[in-house]
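The values are calculated or read from the model by the stated rules, or taken from the named source; none is laboratory data. Since the structure is predicted, the reported quantities are computational estimates derived from the model, not experimental observations. Backbone-built Cβ (ideal geometry, glycine too); neighbour counts: all protein chains shown.
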Amino acid sequence: MKITSAEFIISNQDVSKCPNSGIPEYAFIGRSNVGKSSLINMLVNQKSLAKTSGRPGKTQLINHFLINKSWHLVDLPGYGYARVSKSSKAKFQKFITKYFEKREQLI
Ligand SMILES: Nc1nc2c(ncn2[C@@H]2O[C@H](COP(=O)(O)OP(=O)(O)OP(=O)(O)O)[C@@H](O)[C@H]2O)c(=O)[nH]1
Ligand SMILES: [Mg+2]
């Protein structure tokens, strides 16, 4: 598939505030700093659509990107290595779990 357009839509911590267009979406999950955000940038051929960093814990929200105006790519916080407080880690875990449980259009 050729990706011809990719745009940032919204970031949030609350699955109920994610886009409700019902179009299919694909999310990347994995440990912090493995390159999830970089992989999204590589796929869409843009340098910094998804924010990246050498420091684990850069992505801290559920980030929706609209691809070819027809489906979403979703960048999520990593787990494990993130250099953030214990309470932030617990918060990430809570909203990521909710996202996976509730998000019906997730493929
Ligand atoms: N050597 C190498 N480094 C990479 C590759 N992909 C990403 N990186 C580097 O790995 C670091 C982390 O990349 P991110 O894309 O921010 O990682 P992430 O998984 O989104 O991290 P979190 O947002 O913390 O969960 C950055 O310094 C990237 O430049 C790769 O294929 N090879
Ligand atoms: Mg990231």
Practice task
Considering only segment 52-107, state which residues are buried (at least 16 other Cβ atoms within 10 Å of the Cβ) and acidic (Asp, Glu).
Solution key: 75
Fill in the blank from the handout: Of the residues in segment 61-89 that are among the aromatic types (Phe, Trp, Tyr) and more than 12 Å from ligand 2 (Cβ to nearest atom), the one that is nearest to residue 28 (Cα to Cα) is 65
Exercise for the section: Could you grab me the full set of residues in segment 1-51 that are in contact with a His (Cβ under 7 Å, 6 or more places away or on another chain), surrounded by 15 or more Cβ atoms within 10 Å (Cβ to Cβ) and part of a strand (DSSP E or B)? Expected result: 25
Problem - Residue pairs meeting the criteria (Cβ under 6 Å; at least 6 apart or on separate chains; first without any contact (Cβ under 8 Å) to a residue 40 or more places away in the chain and within 11 Å of residue 6 (Cα to Cα), in segment 40-55; second among the charged types (D, E, K, R) and not in a loop (DSSP other than H, G, I, E, B)) - result: 40/75; 50/75
Fill in the blank from the handout: Of the residues in segment 69-107, those that are outside any loop (DSSP other than H, G, I, E, B), in contact with a Phe, Trp or Tyr (Cβ under 9 Å, 6 or more places away or on another chain), in contact (Cβ under 8 Å) with a residue 24 or more places away in the chain and farther than 14 Å from residue 12 by Cα number 5
Practice task
Please list, ordered by first then second residue, the pairs with beta carbon atoms under 7 Å, 6 or more apart or interchain, first in segment 1-27 and touching a residue at least 40 places away in the same chain (Cβ under 8 Å) and on the phi < 0 side of the Ramachandran plot, second among the small types (Gly, Ala, Ser) and exposed (fewer than 15 other Cβ atoms within 10 Å of the Cβ).
Solution key: 23/70
Problem - Any chance residue 66 is modelled with pLDDT of 95 or more, in a loop (DSSP other than H, G, I, E, B) and either near ligand 1 (Cβ under 7 Å from one of its atoms) or within 25 Å of residue 105 (Cβ to Cβ) (or both) - result: no
